[in-house]
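For reference, the structure is listed below as structure tokens.
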Amino acid sequence: MSTKVLSEHLAKRDNHIPVKIAVAKGDGIGPEIMGATLRILKAAGANIEPEFIDLGEKVYLSGNTSGIDSEAWDMISNNKVILKAPITTPQGKGYKSLNVTLRKSLGLFANVRPVEALSPYVPSHFPKMDVVIIRENEEDLYAGIEHRQTQDVYQCLKLITRPGCERIVRYAFEYAKAYGRKKVTCMVKDNIMKVTDGLFHQVFDEIALSYPEIENETQIIDIGSARLANNPENYDVIVTANLYGDIISDIAAEIGGSVGMCGSANIGKNVSMFEAIHGSAPDIAGKGIANPSGLINAAVSMLAHIGQTDIGDKVKNAWLATIEQGYHTSDIYKQGSSLQKVGTQDFADRVIWNLGQEPNRLPKSNLSLGKGSIQIPDYVRKPEQKELVGVDVFLEWWRNDPMELGDALSKLDVYRLKLKMITNRGVKVYPEGLKETYCTDHWRCRFVGVDANIVSEEPNYAPVDFEQVVALLSKLSHLGFDVIKTENLYEFDGKRGFSLGQGE
Ligand code: NAD
């Protein structure tokens with residue numbers, strides 16, 4: 001959060017001025033669990049003033065395909081904090097995911113999901129599990145930039161940025177520092193995606209140097225998620241990119257035994273949104289049996305965020321005490337270990353009754369460690385020298401013969417651009433490919449600059465200018481090649497800004 005927003009929240013807290021919160025009651029079980037949560041917050045003395053906004057099904061069905069109207073946007077940008085119950089996205093075409101719209105429009109860059117086992121009260125194979133997954137929330141494959149490029153080949157663009165990596169990694173270390181966590185694990189797949197995931201890893205290593213008191217490690221996401229599923233007790237804070245984080249945060253919630261109990265925070269520089277991780281559960285809506293715990297936990301994170309950590313601890317400890325006493329909603333009720341099956345509102349009444357109590361066996365809440373004050377410095381862009389050294393030209397070509405294509409393209413001589421290689425689905429097929437390699441109709445043809453002063457037949461990534469690329473494309477088109485896209489090849493401060501082909 002920005003310094004200005006934080007000081008506004010803290011000034012309100014210190015002067016006992018209620019913090020206005022935009023509250024969305026949501027759909028399905030949303031209004032029931034929101035009602036229960038707000039009653040608990042009020043009874044605990046949270047200094048907040050809820051202002052209700054309409055989001056979700058009703059707005060969608062009124063013809064607004066984004067699920068949110070301009071009045072709600074205004075309220076959100078004035079209040080800067082949203083407590084949101086789950087909403088229902090109507091089935092059918094044309095309705096955009098409201099969560100994605102909110103995340104992206106409001107710049108909610110960090111998704112924070114704490115998962116702690118509540119064993120033995122809620123069964124889990126991993127009674128000591130206490131992990132926080134911090135997922136980058138705006139970038140990666142979720143940019144939604146997809147194209148069908150040839151008859152047979154479809155593409156989704158993965159975008160990873162330096163400001164995005166710096167922000168999320170710094171947030172993870174600051175979170176660990178604020179909440180007394182000991183270790184941050186970075187999960188990437190940079191053995192394959194050396195440029196994009198390589199950047200995430202590099203930024204992690206750079207930023208880790210500023211936090212010598214916090215242990216850091218990096219794991220490849222595949223083995224990392226397997227280890228998380230097998231030994232979650234070995235993890236503390238995990239930071240990762242959007243798609244990996246989406247998957248491992250669900251794995252963590254599932255093995256923690258608490259999908260219905262987890263809250264999550266979506267943190268931005270100015271606005272932050274707090275919600276349960278489960279959906280609107282239309283199958284049990286209106287029955288009064290939904291578990292409000294996910295939203296209660298989200299509200300506790302919200303209180304920490306606005307500096308009301310003492311009230312957050314009070315609510316969390318009362319909730320833990322209620323779980324320990326065995327008052328359980330039907331989703332977690334177990335004969336023998338639970339004391340009484342309760343509905344949504346009775347559960348809330350029990351939590352209210354327990355305000356001021358602390359759990360006996362489960363670890364107590366201690367939010368005051370965090371002081372709700374994580375701040376991320378603005379990104380500083382350092383100037384770098386960028387040089388064009390070639391171009392990857394993608395062609396649609398339906399004759400399955402790399403030699404024929406390669407020999408034809410090798411003959412082209414456009415200024416100082418020469419063919420270096422051809423790949424198909426990333427594997428080099430020319431020159432010296434293997435006849436076993438399966439080829440589609442999508443060919444990446446790498447043309448690079450040749451320095452006439454270097455005595456070598458090999459194209460050698462010498463600088464070229466864009467006019468030469470344009471001339472090459474024009475020539476290819478003139479010869480009847482179907483150019484479907486290009487990617488310029490750059491060096492930045494002399495360092496290669498593109499990956500080599502497999503086998504290059
Ligand atoms: P869901 O999480 O709503 O339900 C899955 C199962 O878990 C159901 O059996 C449900 O009864 C149960 N469940 C969920 N929350 C519970 C609770 N608090 N207490 C007791 N039981 C609970 O997932 P779904 O059925 O896939 O999705 C239903 C709707 O929710 C869809 O329209 C989906 O788009 C939406 N959804 C919204 C959000 C959100 O707003 N953040 C997130 C996920 C899904």
Go through (1) within 16 Å of the ligand (Cβ to nearest atom); (2) open to solvent by less than 60 Å² (accessible area, probe 1.4 Å); (3) farther than 22 Å from residue 22 by Cβ and name the single condition residue 362 misses. (1)
For residue 314, which of the numbered conditions (1) in a helix (DSSP H, G or I); (2) within 15 Å of the ligand (Cβ to nearest atom); (3) at pLDDT 95 or above fails to hold? (2)
Return a yes/no flag: does the stretch 165-179 have any residue that is surrounded by fewer than 22 Cβ atoms within 10 Å (Cβ to Cβ), over 24 Å from residue 270 (Cα atoms) and free of Cβ contacts under 8 Å to residues at least 60 places away in the same chain. no
Only unsatisfied item for residue 367, checking (1) surrounded by 22 or more Cβ atoms within 10 Å (Cβ to Cβ); (2) more than 16 Å from the ligand (Cβ to nearest atom); (3) without any contact (Cβ under 8 Å) to a residue 40 or more places away in the chain; (4) not acidic (Asp, Glu), is (3)
For the stretch 270-290, which residues satisfy the criterion of being touching a helix residue (DSSP H, G or I) at 6+ places or on another chain (Cβ under 8 Å) and farther than 27 Å from residue 235 by Cα? 270, 271, 280, 285, 286, 288, 289, 290
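Pick out, from the stretch 151-246, the strands (runs of 3 or more DSSP E) lying fully within it that include 1 or more residues that are within 16 Å of residue 130 (Cβ to Cβ). Don't jump to the end; show me each part of the working.
Numbers: elements: 154-156, 183-188, 215-220, 237-240.
Output list reads 183-188, 215-220, 237-240.
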If you go through the stretch 282-292 one residue at a time, do you hit one that is more than 10 Å from the ligand (Cβ to nearest atom), open to solvent by 40 Å² or more (accessible area, probe 1.4 Å) and of a type outside the set (Val, Ile, Thr)? yes
If you go through 51, 8, 32, the only one that is surrounded by 13 or more Cβ atoms within 10 Å (Cβ to Cβ), more than 16 Å from the ligand (Cβ to nearest atom), among the acidic types (Asp, Glu) and modelled with pLDDT of 90 or more is 51
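Of the residues in the stretch 69-93, how many are near the ligand (Cβ under 10 Å from one of its atoms) and in contact with an Asp or Glu (Cβ under 9 Å, 6 or more places away or on another chain)?
7
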Unique match (being within 16 Å of the ligand (Cβ to nearest atom), open to solvent by 10 Å² or more (accessible area, probe 1.4 Å) and part of a loop (DSSP other than H, G, I, E, B)) among 128, 96, 104: 96
Starting from the stretch 104-127, keep only residues that are free of Cβ contacts under 8 Å to residues at least 60 places away in the same chain, then list their pairs with residues that are in a loop (DSSP other than H, G, I, E, B) whose Cβ atoms are within a distance under 8 Å, requiring at least 6 positions of separation or different chains. 104/138; 127/117; 127/119; 127/120
Restricting to the stretch 107-125, what's the tally of residues that are under 15 Å from the mean Cα position of the chain (by Cα) and outside any loop (DSSP other than H, G, I, E, B)? 5
Residue 440: modelled with pLDDT of 90 or more and buried (at least 22 other Cβ atoms within 10 Å of the Cβ), yes or no? no
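To keep it simple, each residue is scored yes or no on (1) open to solvent by 40 Å² or more (accessible area, probe 1.4 Å); (2) in contact with a strand residue (DSSP E or B) (Cβ under 7 Å, 6 or more places away or on another chain); (3) at pLDDT 95 or above; (4) within 11 Å of the ligand (Cβ to nearest atom).
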site: 241; (1), (2), (3), (4): no, yes, yes, no
site: 251; (1), (2), (3), (4): yes, no, no, no
site: 255; (1), (2), (3), (4): no, no, no, no
site: 262; (1), (2), (3), (4): no, yes, no, yes
site: 266; (1), (2), (3), (4): no, yes, yes, yes
site: 270; (1), (2), (3), (4): yes, no, no, no
site: 273; (1), (2), (3), (4): no, yes, yes, yes
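Here's the yes/no breakdown for (1) without any contact (Cβ under 8 Å) to a residue 60 or more places away in the chain; (2) closer than 22 Å to residue 477 by Cβ:
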{"position": "412", "(1), (2)": "no, yes"}
{"position": "417", "(1), (2)": "yes, yes"}
{"position": "423", "(1), (2)": "no, yes"}
{"position": "431", "(1), (2)": "yes, no"}
{"position": "434", "(1), (2)": "yes, no"}
{"position": "441", "(1), (2)": "no, yes"}
{"position": "444", "(1), (2)": "yes, yes"}
Filter result for residue 427 (closer than 20 Å to residue 484 by Cα, under 41 Å from the mean Cα position of the chain (by Cα), at pLDDT 90 or above and β-branched (Val, Ile, Thr)): yes
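Per-residue answers, yes or no, for (1) open to solvent by 40 Å² or more (accessible area, probe 1.4 Å); (2) of a type outside the set (Ser, Thr, Tyr); (3) not assigned by TED's automatic domain parsing to the domain that holds residue 474:
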position	(1), (2), (3)
335	yes, yes, yes
347	no, yes, yes
394	no, yes, no
402	no, yes, no
List the residue pairs whose Cβ atoms are under 8 Å apart, where the first residue sits in the stretch 59-82 and is under 19 Å from residue 265 (Cβ atoms), the second is among the polar types (S, T, N, Q) and outside any loop (DSSP other than H, G, I, E, B), and the two are 6 or more positions apart or on different chains. 80/272; 81/272; 82/272
Would you mind stating whether residue 78 is buried (at least 17 other Cβ atoms within 10 Å of the Cβ) and either in a helix (DSSP H, G or I) or within 25 Å of the chain's Cα centre (by Cα) (or both)? no
Just one of the numbered conditions (1) of a type outside the set (A, V, I, L, M, F, W, C); (2) in contact with a Gly (Cβ under 7 Å, 6 or more places away or on another chain); (3) more than 10 Å from the ligand (Cβ to nearest atom); (4) more than 17 Å from residue 116 (Cα to Cα) is not true of residue 331; which one? (3)
Pairs only if they're at least six apart or on different chains, beta carbon under 8 angstrom, first in the stretch 470-482 and more than 17 Å from residue 444 (Cα to Cα), second crowded, with 17+ Cβ neighbours inside 10 Å; list them, first residue then second. 471/414
Note down all Cβ pairs under 8 Å where the first residue falls in the stretch 290-309 and is under 11 Å from residue 41 (Cα atoms) and in the same structural domain as residue 37 (by TED's automatic domain parsing), the second is more than 16 Å from the ligand (Cβ to nearest atom) and among the hydroxyl-bearing types (Ser, Thr, Tyr), and they're at least six residues apart or on different chains. 300/365; 303/309
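The values are calculated or read from the model by the stated rules, or taken from the named source; none is laboratory data. Everything numeric here is computed off the predicted structure, so don't read it as measured data. With ideal geometry, Cβ positions are generated from the backbone for all residues, glycine too; neighbour counts draw on all protein chains shown. For the accessible areas, the whole protein counts, side chains as well, though only heavy atoms, and no ligand, DNA or RNA atoms are used. Shrake-Rupley method; radii C 1.70, N 1.55, O 1.52, S 1.80 Å.
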